[in-house]
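Here is the structure we will look at, set down as structure tokens.
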Amino acid sequence: MEPIEELENKLSLLMINTEESFVLIDTNLKIAAFNDQFKNLYLKFYGKEVIKGESILTYAQPARLSLVKEIYKKVFSGKTQESEIQVPKPDKSVQTYFLKYKPAFDERGIIIGAFVSSVEITDRKRVEEEKEFERRDKEALINSTND
């Protein structure tokens, strides 16, 4: 096996075995590549099959469409962007995902697209919200005492 093929196989294993979802978007906002986690998330939450070559905008939540366009505009100018998205589940609860958008460069340093990764942070967000509630509760108690 050639060294490059071996490297590609290792990279493929990494993409398959990670919990994060990845998608590569070209500068025309077309899906260039994605891992199984990305494909499975869209199928699970939206019942939509991800197709290479389609515009990523067809997969954006309608309420986030203008935000997503602005994010990609900034990424294609060289800036890394972050956002969170809440995805409704069938039981009416939501799952929260942290998304990171980074410029994708070719070997000459030219931006050829955007590399987007996402990871579920639902439990972390819940803990943060509980801590914030406790902090506000304590603050209210302290502010209500005359001492």
Can you tell me which residues in region 70-114 are open to solvent by less than 80 Å² (accessible area, probe 1.4 Å) and touching a residue at least 60 places away in the same chain (Cβ under 8 Å)? A104, I111, G113, A114
P103 fails exactly one of the following numbered conditions: (1) touching a Gly at 6+ places or on another chain (Cβ under 9 Å); (2) of a type outside the set (V, I, T); (3) not in a strand (DSSP E or B). What is the number of that condition? (3)
Helices (runs of 4 or more DSSP H) contained entirely in region 1-96, each with at least 2 residues that are of a type in the set (A, V, I, L, M) and modelled with pLDDT of 90 or more: 65-76
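The values are calculated or read from the model by the stated rules, or taken from the named source; none is laboratory data. The structure displayed is predicted, hence computed values, not measured ones. So basically every Cβ, Gly included, is an ideal-geometry build from the backbone, and we count neighbours across all protein chains shown. For the accessible areas, the whole protein counts, side chains as well, though only heavy atoms, and no ligand, DNA or RNA atoms are used. Shrake-Rupley method; radii C 1.70, N 1.55, O 1.52, S 1.80 Å.
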